[in-house]
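Written out below as structure tokens is the structure these notes cover.
What follows draws every value from the coordinates through simple rules; no lab data is involved. Predicted, not measured: the structure shown is a model, and the values here were computed from it. Glycine gets a Cβ as well: all are built from the backbone with ideal geometry, and neighbour counts include every protein chain shown.
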Amino acid sequence: MEVHFTPELEEELTRYAAQHGRNPDELVQEVLVRYFEEETRFVEAVKRGEVALQHGEYLTHTDVGKRLGRFLKP
């Protein structure tokens, strides 16, 4: 597979990889692996939320506000 970057993005990738002692190709692969892992976690969390909602397990806007207020209190 071949991926094309803008010259600016390729320059930034090369510079970042060099600063961190990394190979740009390996860095891109690692970034994509992390992206797909995070995307999978997000989709699964949304599905769990939908199931909870179907079971009546949810917080109202007011409930969320109260929890945030308690959490943010010094």
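Give me a count of the residues in region 55-74 that are surrounded by 10 or more Cβ atoms within 10 Å (Cβ to Cβ) and part of a helix (DSSP H, G or I).
Residues flagged as surrounded by 10 or more Cβ atoms within 10 Å (Cβ to Cβ) and part of a helix (DSSP H, G or I) within region 55-74 amount to 6.
Of all residues in region 5-54 being assigned to a helix (DSSP H, G or I) and among the β-branched types (V, I, T), which is surrounded by the most Cβ atoms within 10 Å (Cβ to Cβ)?
Narrowing region 5-54 to residues assigned to a helix (DSSP H, G or I): 7-19, 24-54.
Of the ones still in play, those that are also among the β-branched types (V, I, T) are 14, 28, 31, 33, 40, 43, 46, 51.
On the way: T14: 13, V28: 15, V31: 11, V33: 10, T40: 10, V43: 10, V46: 10, V51: 10.
Among residues in region 5-54 that are assigned to a helix (DSSP H, G or I) and among the β-branched types (V, I, T), the one surrounded by the most Cβ atoms within 10 Å (Cβ to Cβ) is V28.
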